[in-house]
Amino acid sequence: GLELSHCVGTNSLGPVGPWRSAGPCKMKRVRTVFKPEQLERLEQEFLKQQYMVGTERVDLAATLHLTETQVKVWFQNRRIKWRKQSMEQKAAKLSQFGVIQPATADSTDIKDHEEDTVDVEL
């Protein structure tokens, strides 16, 4: 998860809002844990459209009792997951026909994006 590592001077007051402060340590976002009902609805919406913008995102966030940013970040992360799955399926089909696909820049890019996709508000 995104919990803080052990730091000198960590206080035991717990999280303040979605952020944790541990004195002299760097502040990190506490990972959002979605309820199964929220995930089901988010997945349904993703199947309809991969990009949720404007009033649609605001309405969905309100319906699910989430912030607009949480919905936005969930969709960003879900698109990365979808792209990765698509690449894996394509590679599986090619290997099924005996075509060996060398490691491409695309697969490296996906790994780089995965590291960048965390549940953070911008």
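Conditions first: (1) at pLDDT 95 or above; (2) open to solvent by less than 40 Å² (accessible area, probe 1.4 Å). Gly14 passes all but one, so which condition is the exception?
Condition (1) is where Gly14 drops out.
If I ask for residues that are surrounded by 14 or more Cβ atoms within 10 Å (Cβ to Cβ), touching a residue at least 12 places away in the same chain (Cβ under 8 Å) and either touching a Lys or Arg at 6+ places or on another chain (Cβ under 9 Å) or farther than 17 Å from Arg29 by Cβ (or both), which ones from the stretch 62-73 would you list?
Hits for the stretch 62-73 are Leu64, Val71, Lys72.
Between Asp116, Asp59, Asp112, Asp106, which is modelled with pLDDT of 65 or more, open to solvent by 50 Å² or more (accessible area, probe 1.4 Å) and among the acidic types (Asp, Glu)? Before the answer, list the steps.
Numbers: Asp116 fails: modelled with pLDDT of 65 or more; Asp112 fails: modelled with pLDDT of 65 or more; Asp106 fails: modelled with pLDDT of 65 or more.
Checking each option against the conditions leaves just Asp59.
Looking only at the stretch 38-50, which residues are touching a Leu at 6+ places or on another chain (Cβ under 8 Å) and either open to solvent by 90 Å² or more (accessible area, probe 1.4 Å) or polar (S, T, N, Q) (or both)?
Filtering the stretch 38-50 for residues touching a Leu at 6+ places or on another chain (Cβ under 8 Å) gives 38, 41-42, 45.
Of everything in the stretch 38-50, just one residue is touching a Leu at 6+ places or on another chain (Cβ under 8 Å) and either open to solvent by 90 Å² or more (accessible area, probe 1.4 Å) or polar (S, T, N, Q) (or both), namely Gln38.
The values are calculated or read from the model by the stated rules, or taken from the named source; none is laboratory data. The shown structure was predicted, so the numbers you read here are calculated from the model rather than taken from an experiment. Virtual Cβ from ideal backbone geometry, glycine too; neighbours counted across all protein chains shown. With ligands, DNA and RNA removed, areas are computed over all heavy atoms of the protein, side chains included. Shrake-Rupley method; radii C 1.70, N 1.55, O 1.52, S 1.80 Å.
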